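Inspection log for the structure reproduced underneath, given as structure tokens.
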Amino acid sequence: MAYEELNTTNTQDFYFLFSYINDVTGGLFFPVILGSIWIIFFILSLSRGGDASRSWLFSSFICSILGILLGLMGLINVQYIYFLIFLTAFGILWVRYNNAPG
């Protein structure tokens, strides 16, 4: 599949540029970016002395919010948003389990 090359006259704005990049990569650009952001936030939260469950929940929640925003703009498929929400729900259950009495 041939794509028209970008230049200064046919690049309208950042949305057009990001949708072009997402189309060229087969829709995998933003899921990879969100996965990278998740890993970065998880490691940063762990390095600040956080618990693994809270670090998981923090990074999943941030990526869920970003994923929902990208989904509203039409730059990411819905199944990736569902996966991020699942990761957040898993983090909530993990934190609840760690804080359970006994």
Quotient of Cα radius of gyration and Kirkwood radius for the chain, i.e. Rg/Rh, equals 1.13
Fully extended, how many nm does the chain gain between Asn98 and Ile37 (0.36 nm per residue separation, minus their Cα-Cα distance)?
19.5 nm
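What is the calculated FRET efficiency for Gln12 to Arg48, with r their C-beta to C-beta distance and R₀ = 41 Å, to the nearest 0.05?
0.50
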In vacuum, with every alpha carbon of region 57-102 counted as one equal point scatterer, what does the Debye formula give for log10 I(q)/I(0) at q = 0.16, 0.20, 0.31 Å⁻¹? Two decimals, please.
-0.45, -0.60, -1.02
³J(HN,Hα) across region 42-48 via Karplus (A = 6.51, B = -1.76, C = 1.60, θ = phi - 60°), whole Hz, x for Gly/Pro?
5, 5, 4, 5, 5, 6, 8
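Bear in mind that the values in this text are calculations on the coordinates, not laboratory data. Note that the structure is predicted; figures quoted are calculated from it, not measured. Note that each Cβ is placed from the backbone with ideal geometry, even for glycine, and that neighbours are counted across all protein chains shown.
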